[in-house]
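Worksheet: one structure, shown below.
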Amino acid sequence: MNPKVDRFLDRQQDWREEMLLLRSLLLDCGLDETIKWGKPCYTYAGGNVAILQGFKRYGALLFFKGVLMKDQNGILTRPGENSRVGRQFRFEQPTDITNLEPELRDYIRQAIELERAGTQVPGIADEELTLPDEVREVFANDPELQAGFEALTAGRQRGYRQYFSSAKQAKTRTARVEKCRERILSGRGYNER
């Protein structure tokens with residue numbers, strides 16, 4: 001048990017009891033715990049396996065490689081429409097966890113086995129990273145910005161692509177690229193501060 005996780009859980013007003021139940025399951029399955037991204041994160045041999053999350057209407061146990069897991073019980077959901085890899089088990093009360101304890105243990109073991117085997121999530125297909133014409137034009141006129149964008153991780157590139165592409169007007173897409181210039185050149189993703 002990690003004292004940082006103890007402090008995190010002591011401060012929780014929402015989902016505390018549920019997170020304590022999940023923590024016990026995760027530790028019982030042999031995972032190590034730490035704090036990453038400000039939340040309790042569970043790892044195997046240094047690789048991320050799962051993380052506890054609290055939201056307004058529900059809490060969640062997110063499996064980092066959930067897309068590769070067999071969801072035979074139909075309890076995993078995509079966190080958002082643009083999420084590719086992670087899958088959440090969502091809960092609203094302690095019985096959501098206690099009633100599914102054997103199934104959750106199986107899911108945790110699956111996630112551990114994926115990490116133990118070194119299983120990697122397949123890369124993003126090139127067509128998924130197609131940029132709008134206006135963005136490609138800005139890059140053609142600004143090689144430094146294009147190089148900065150290409151140096152970003154695939155996930156960071158995808159985040160920017162989604163942000164740029166969601167604008168309805170061409171001038172807005174162009175303005176968004178310019179607005180993000182410094183963030184891109186510093187190697188940060190769209191949602192990173």
Of all residues being within 26 Å of the chain's Cα centre (by Cα) and loosely packed, with under 13 Cβ neighbours inside 10 Å in the stretch 140-153, which is nearest to VAL121 (Cα to Cα)? Just the residue, please. THR153
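Can you tell me which of ASN73, ASN141 is of a type outside the set (A, V, I, L, M), out of contact with any strand residue (DSSP E or B) (no Cβ under 7 Å at 6 or more places or on another chain) and closer than 30 Å to TRP15 by Cβ?
Within the list ASN73, ASN141, the selection yields ASN73.
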Do we have any residue at all in the stretch 60-69 that's within 18 Å of SER83 (Cβ to Cβ), under 14 Å from the mean Cα position of the chain (by Cα) and small (Gly, Ala, Ser)? yes
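Looking at the stretch 151-162, can you tell me whether even one residue there is on the phi < 0 side of the Ramachandran plot, touching a Cys at 6+ places or on another chain (Cβ under 8 Å) and outside the structural domain of ASN82 (by TED's automatic domain parsing)? Walk me through how you get there before you give the answer.
First pass over the stretch 151-162, keeping only residues on the phi < 0 side of the Ramachandran plot: 151-162.
Those still in the list that are touching a Cys at 6+ places or on another chain (Cβ under 8 Å) too: 160.
From the residues that got through so far, the ones that are outside the structural domain of ASN82 (by TED's automatic domain parsing) too are 160.
Yes: one or more hits.
Give me a count of the residues in the stretch 154-164 that are surrounded by 15 or more Cβ atoms within 10 Å (Cβ to Cβ) and either farther than 22 Å from ARG84 by Cα or not hydrophobic (A, V, I, L, M, F, W, C) (or both).
First, pick out the residues of the stretch 154-164 that are surrounded by 15 or more Cβ atoms within 10 Å (Cβ to Cβ): 156-161, 163-164.
If we keep only those that are either farther than 22 Å from ARG84 by Cα or not hydrophobic (A, V, I, L, M, F, W, C) (or both) as well, we get 156-161, 163.
Here the count works out to 7.
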Check the stretch 14-36 and report whether any residue there is within 19 Å of the chain's Cα centre (by Cα) and of a type in the set (Phe, Trp, Tyr). no
Specify the residue that is surrounded by the fewest Cβ atoms within 10 Å (Cβ to Cβ); the eligible residues are those in the stretch 40-75 that are among the hydrophobic types (A, V, I, L, M, F, W, C) and more than 21 Å from GLY30 (Cβ to Cβ). PHE55
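Conditions tested, residue by residue: (1) free of Cβ contacts under 8 Å to residues at least 60 places away in the same chain; (2) in a loop (DSSP other than H, G, I, E, B); (3) farther than 13 Å from LEU104 by Cβ.
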residue	(1), (2), (3)
GLU17	no, no, yes
THR34	yes, no, yes
LYS56	yes, yes, yes
GLY80	yes, yes, yes
Scan of the stretch 1-15 for residues that are loosely packed, with under 14 Cβ neighbours inside 10 Å and either touching a residue at least 12 places away in the same chain (Cβ under 8 Å) or assigned to a loop (DSSP other than H, G, I, E, B) (or both), ordered by number: MET1, LYS4, GLN13, ASP14
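The values are calculated or read from the model by the stated rules, or taken from the named source; none is laboratory data. Remember, it's a predicted structure, so these values are computed and weren't measured experimentally. Heads up, the Cβs are rebuilt from the backbone with ideal geometry, glycines too, and the neighbour counts pull from every protein chain shown.
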